[in-house]
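Working notes, beginning with the structure itself.
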Amino acid sequence: MIILLAALLAVAATTNVVNRFETPMVKITVKVVGEDQQVIKDANVLFGFGNSSVSGVTDIKGLFTGEGRCHGDYGLSITKDGFYLSGASTPQLTNIVDGKWLPWNPVALSILRPIGKRVALYAKTVKLRIPILDKPCGFDLEASDWVAPYGKGMKSDFIFTLHQVDRGMQDYDVLGELTFKNPSDGLQDAPLPEVGKNSVFKWERQAPENGYQPKFQLQNSWHKEKGITRSFKYADGVWEGYFFRVRTVEQDGEIVSARYGKIRGGIEVFPNDPNPKIDFTYYFNPTPNDRNLEWDMKKNLFSGLKNLEAPRDP
C-alpha cells in the first residue's frame, strides 16, 4: 500500500556532516505526465521536506517546483481527480555546497495512471494452515475455505500439496506444489508495468488470455550449511505478482468459460506445528470470461473481513 510521502521517501547518501541547526536547502521540480506521456496540468503535488511540506498544482507544462529544507530525506505524492495516487522517480541528493543540496532543482518524473473500469472482486489476504500433509487439499476462492472434508468450500480452485521436515531451529524444509483441477487452469508471472512503478495501481488492467502453467512449485527451506531457499521473494522494493485462471471449461479445443484473478506478493509457505502455513493475497473476478482485474476497492465481495484480511491496494 502506498502511504503519502513515507512510502515514497528517497534517502540521500552523503559524506557531509549536516548541522541540525543549519539545515541545507533543497529544490525539486516534478514533471507529471499520463500513460501516453502527455503532460498533465492542475495535478496536486505535495512535497515533504523534513518536518515541513510544500504543496501546489502543475502548470500547463506539467511542472511544479518545491523548495524547502531537509537533512537529505524528502518525499512527494501526486493526486488528480480521475487518476490513481502516484509518487515519482525521485532523484537522489548527493552532497552539500554553500548550504544547498546537490543536484539543485533536478526533475522528478511522475506518471499518473487513469482510473479505468473498476469492478467488484473477491479480495482477501489468507493465512491458512494446510489441514493434512502429503495429500492434495483443495481451496475454494469464493468460499475462502478448504473443500470438504476440511472446510465448507465446494470447488477446488487451488490444490495445495505440502511436505514438511522440521529438524530444529533454522533447519527445516517446507516443500510442495500448487496444482489445478482443469487442464487449462493455471498460474503465470505478472510482471508489473513500468508505468505502475510509483502508482498505487501497479498492475496490467486485464489478465492475459493465455500462457497459464498447470503447476507451481512451493518451497521454504533453511539448512545450516546451505542457508535459505524460498520460492517466494521480495527484492528491491518490488513484490511478486501472478495472474491465474480457474474453472476453465473447454469445448472442441476452445475455452468457452473461465474465471480469472491475480495474486499479490507471492504465495508464501512457512513451517509450523503440526502443519505448515500458507499466506497469499488474492483478487478473484466473479464473472466468467471477464479478465478485468482493476478492483473497485469499495466493492469487495467478501464482507466482515478482519483488519489483516482486507487488501488495501487495488
Given a Förster distance of 41 Å, the FRET efficiency implied by the Cβ-Cβ spacing of Lys306 and Gln92, rounded to the nearest 0.05, works out to 0.55
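Which ordering of Thr65, Thr58, Thr281 is given by a fewest-first count of other beta-carbon atoms within 10 Å?
Values: Thr65 16, Thr58 23, Thr281 20.
In order of increasing Cβ crowding within 10 Å: Thr65, Thr281, Thr58.
Which length gain, in nm to one decimal place, applies between Asn289 and Val165 when the Cα-Cα distance is subtracted from 0.36 nm times their residue separation? If you can, show how the numbers build up before the last one.
Working: separation 124, 0.36 × 124 = 44.64 nm, distance 4.06 nm.
Length gained, Asn289 through Val165: 40.6 nm.
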Taking H as built 1.01 Å from N, whose amide H comes closer than 5 Å to the amide H of Glu250, not counting residues under 5 places away?
-> Val256
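Given 0.36 nm per residue, what is the gain on full extension from Lys298 to Gln213 after removing their alpha carbon distance, in nm?
Details: separation 85, 0.36 × 85 = 30.60 nm, distance 3.16 nm.
Full-extension gain reported as 27.4 nm.
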Mean 1/r over distinct Cα pairs of the stretch 152-246, inverted to a Kirkwood Rh in Å, yields 15.7 Å
Which whole-number percentage describes the relative contact order of the chain, with Cα contacts under 8 Å and a sequence gap of 6 or more?
-> 17 percent
Net charge over other residues, Cβ less than 10 angstrom from the Cβ of Asp140 (K, R count +1; D, E count -1) = -1
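Quick one, can you get me the convex hull of the C-alpha atoms of the chain expressed as volume per residue in Å³?
On the way: hull volume 54.0 nm³, N = 314.
Dividing the Cα hull volume of the chain by its residues yields 172 Å³.
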Of the candidates Cys137, Leu109, Val119, the farthest towards the positive dipole end of the stretch 105-160 (Lys/Arg Cβ +1, Asp/Glu Cβ -1, centred on the Cα centre) is Leu109
Between Ser184 and Lys27, the two model label points (7 Å from Cα along the beta-carbon direction) sit apart by a distance in nm of 6.1 nm
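Provide the net charge surrounding Gly211, with neighbours chosen by a C-beta distance below 15 Å and charges set as Lys +1, Arg +1, Asp -1, Glu -1. Write out the running numbers ahead of the final one.
Values: positive: Lys215, Arg245, Lys262, Arg291; negative: Asp185, Asp189, Glu204, Glu209.
Cβ neighbours under 15 Å give a net charge of 0.
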Choose one answer from Ser199, Ser89, Ser156: the residue with the largest mean-square fluctuation in a GNM of the chain with alpha-carbon springs under 10 Å.
-> Ser89
So for the pair Lys224, Asp252, with labels modelled 7 Å out along Cα→Cβ, what separation do we get in nm?
-> 6.4 nm
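A short reminder: the numbers here are calculations on the coordinates, not readings from a lab. Model, not experiment: these values are computed from the prediction. Glycine also receives a Cβ, built like all others from the backbone with ideal geometry; neighbour counts cover every protein chain displayed.
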